[in-house]
Amino acid sequence: MRSRLAITTTRAVNATSRRLGRGQGTVAGGRAGLKVDPQLLQRLTKGRHVALVSGTNGKTTTTRLLAVALGSDGTDVVSNETGSNMPPGHVAALVANRKAPRAVLEVDEIYLPRVLTATQAEIVVLLNLSRDQLDRTNEVRMVANLWRAALAAAPHTKVIANADDPLVAWAAGAAVDVHWVSAGLSWLLDATGCPSCEGRIEFDADGSGAWHCATGCGFARPEVMATLTPTDHGLSHHGIWSDGRTYEIALALPGRFNVANALLVAVAAETAGIDPADAFAAMAQVAEVAGRFATRELGGTTARLMLAKNPAGWSELLDLVAKDQGPLVVSINARIADGADPSWLWDVPFECLAGRPVVATGDRCHDLSVRLHYAGVSHLVETDPITAIQTAADNNTNNVAPDPIDVIGNYTAFGELLAAKT
Amino acid sequence: MTASPKLRIAVIYPDLLGTYGDGGNGLILARRAEWRGTNVELLQAISDAALPEADVYCLGGGEDGPQVRAARSLIDDGTLSRRVAQGAVVLAVCAGYQIVGTSFPGADETLHDGVGLLNLTTAKGIGPRAVGEVTAEVVEGNPALPTLTGFENHGGVTTLATDTSPLALVTGGIGNGDGSGTEGAISGRVVGTYLHGPVLARNPAMADLLLSWALNTEVGAFMPLDDSAHDALRAERLGHTSNGKRRSKVRH
């Protein structure tokens, strides 16, 4: 009775806030529903096959890829596609589709233990853990320990985990049923301290991603069942299973990190009875997730919008755009969703942008400007992001086809441009 | 032709104390010295090797576990204390600030020995963490600096011994948090602070002060640098920004 009222409340508030033009109303409706029935998430996932995705970077895209892969056999899948990754967002998505037998939920790192308990998820996919918004979330080691305790208490959950990330390996190491994947790790700065004994983690020099605790506590990369390997021509990747099966991973989404996430998804899908070949074929069709890499007409020119929220994400993305010489706009905010302290800018290897025409923008363009100054990156400062894109198009000093202008923003900076009127 | 003497700047244990972007302090010191013609070697001193000999040492923020390990390594290694006795300059931030005191709490709340470069102790605070913007005015008697600005994020309460001078008095934020209204500490050529940002990005005058000590000269003898990016950041952070919407086109 109570849950029916809660569901009705969720729907009503969602509909109202949509009508009032206050976005999808996902969070507002979910919050209202949970107030009426705090057990609503349990009730809405009961009887469904639930898969959860968490990690510092790549959650939203991986959630989408997993939803698509698990739906490749024609099963109806419900998912919180908007990136509202706390229980109110989960509830709102689940209410919107009561019938789907499968649910794929993106989960905020801190909320993973609670959501795992509530949903009794069959599958949990763990991507990576690195520093992110230190002023408002917990330190990354604390998150790894929270996960570890929660997973140890969930013996019926299949955990698909990136074994190349020592913090993820520590978190998943206490779980009963783990499918380890070598998906790579490009950001090592948060991984050098051994989470088991506080000694030092040493990464093998062969680039295999293998690692072990140099202090000798015995903590080392677990044996993996699938490995990400670049193909000979370097343009795509293979997923190689330990039993010898090989699948080519060709995605419409750019970036090594997305390929790595796709491999984790294929392994997860296989535990649910989906052939990895079918999973990869379905994932290959995904061209845009929540606006990441979307092109928009802004400031009288075409802009390609990219999201990077923290040093690990920036490193991956700068790698991806480093080959280009065209103008680049970097937009930095420090609002609540971004974290109020942009000190992390000094952990990002902006030095690789030297020689490119760069425009610094966003609420914290001056913090960025100081960082770029010391990175040897000559740049313009333009407080308004749309004007900044215009300025970048006008300052195409390297005479490279400026279309589209690459724009990288952190969370709210990206969101603002995505929502901007063209 | 004689090679100019090399200024060696070491960032201490970026693998343990690199969590809050404070590695930027070492980079800022190095570039400012280089831009003025000094030959600089910037060293990233990782924790499993002997601490290199340097003229300036920077310590940054870190998590509780790595902080304990860093303190133990520095005490066992001995180089830092010896170099400070020989006149080396130290900038210690947040967890690094606590480490260079005499004792600080670990994750388990037991007290651990610090390196003892500054006569102060840190205890675990009982309230919520101190998180947010800080402004502070340098205490009279210390080398003069313009208003300090930074971002603090710590759960510790630091109490200075009577023979240790606070760096500044807070005008916004928490700082040392012991009820004295002070922020940071200074003793000889050792400066401790809770300020991130990193602190030298927000306060380039402090960078020049540290460099003047390391190079045994006066700040006034330094060639002025193009600090327009710093100036714009300071103006914005200190609330003097004239108009956020104004189109400001500055080439740096």
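Here, each number is a calculation from the coordinates, and none is a lab measurement. These numbers were taken from a predicted model, which means no experiment stands behind them. Reconstructed Cβ throughout: ideal geometry from the backbone, glycine too, with neighbour counts over all protein chains shown.
Taken about its Cα centre, the protein assembly as shown carries a charge dipole of about 2340 debye when Lys and Arg each add +1 at the Cβ and Asp and Glu each add -1 at the Cβ. Spin-label model, B:Asp231 to B:Trp35: label points 7 Å out along the Cα-to-beta-carbon direction sit 1.2 nm apart.
Using the Cβ-Cβ distance between A:Ile336 and A:Asp206 with R0 set to 51 Å, the FRET efficiency from 1/(1 + (r/R0)^6) comes to roughly 0.75.
Between A:Ala260, A:Leu235, A:Pro87, the Cα set farthest toward the positive side of the dipole of region A:39-283 (charges on each charged residue's Cβ, about the Cα centre) is that of A:Pro87.
The magnitude of the dipole of region B:113-252, with charges of +1 and -1 set on the Cβ of Lys/Arg and Asp/Glu and taken from the Cα centre, is near 740 debye. Restricting the trypsin sites (Lys or Arg not before Pro) of region A:28-115 to loop positions (DSSP other than H, G, I, E, B) with no more than 16 neighbouring Cβ atoms within 10 Å leaves A:Lys46, A:Arg98, A:Lys99. Could you point to the residue in A:Leu368, B:Ala30, B:Cys58 farthest towards the positive end of the protein assembly as shown's charge dipole, with +1 and -1 charges on the Cβ of Lys/Arg and Asp/Glu respectively? Projecting each Cα onto the dipole axis, the largest value belongs to A:Leu368. Using a Gaussian network model on chain A with a 10 Å cutoff between Cα atoms, which of A:Val359, A:Val259, A:Val370 fluctuates the most? Highest fluctuation of the listed residues: A:Val370. Placing R0 at 56 angstrom, the Cβ-Cβ distance between A:Ser242 and B:Thr159 gives a FRET efficiency of 0.50 after rounding to 0.05. Among the DSSP helices (H) of chain B, those spanning at least 18 angstrom by Cα along their long axis with an average Kyte-Doolittle hydropathy of -1.0 or more are B:23-35, B:64-77; this is a geometric and hydropathy rule only.
For region B:127-249, the relative contact order is 21 percent, taking Cα pairs closer than 8 Å that sit 6 or more residues apart in sequence and dividing their mean separation by the residue count.
The modelled label-to-label distance between A:Lys421 and B:Gln44, using points 7 Å beyond Cα along the C-beta direction, is 4.7 nm.
Helices that extend 20 Å or more along their long axis by alpha-carbon positions and average at least -0.5 on the Kyte-Doolittle scale are, among the DSSP H runs of chain A, A:256-271. Once the gyration tensor of the Cα atoms in region B:35-174 is diagonalised, the equivalent ellipsoid follows with semi-axes of 24, 21, 15 Å, ordered largest first.
Farthest towards the positive end of the charge dipole of the protein assembly as shown, among the residues A:Leu127, A:Met306, A:Val68, is the Cα of A:Val68, using unit charges on the Cβ of Lys, Arg, Asp and Glu. Listed by chain and number, the aspartates and glutamates whose C-alpha is less than 12 Å from the C-alpha of A:Lys59, apart from same-chain residues fewer than 8 away, are A:Glu81, A:Glu106, A:Asp108, A:Glu109.
For chain A, A:Cys352, A:Cys365 have no disulfide-compatible partner, since no other Cys C-beta lies under 4.7 Å from theirs.
Test of understanding: in a Gaussian network model of chain A with alpha carbons linked when under 10 Å, which of A:Arg11, A:Arg245, A:Arg200 would top the mean-square fluctuation ranking? Answer for the Gaussian network model of chain A: A:Arg245. With only Lys, Arg, Asp and Glu charged, each at its Cβ (+1 for the first two, -1 for the last two), find how big the charge dipole of region A:28-173 is about the Cα centre; round to the nearest 20 debye. My answer is approximately 480 debye.
Remark: mean inter-chain Cβ contacts per residue of A:362-375 equal 6, using a 10 Å Cβ-Cβ cutoff to other protein chain atoms. Shown is the FRET efficiency for A:Thr271 and B:Leu169, computed with R0 = 41 Å from the Cβ-Cβ distance and rounded to the nearest 0.05: 0.10. Taking region B:147-164 and a reference point 7 angstrom along Cα→Cβ of B:Glu109, no backbone N atom is nearer than 11 Å. For a straight C-alpha distance cut-off of 22 angstrom, the lysines reachable from A:Lys323 (same-chain residues fewer than eight places away being disregarded) are A:Lys309.
Bridging of A:Lys158 to aspartates and glutamates at a Cα separation below 14 Å is possible for A:Glu122, A:Asp177, A:Glu270, once same-chain residues fewer than 8 apart are set aside.
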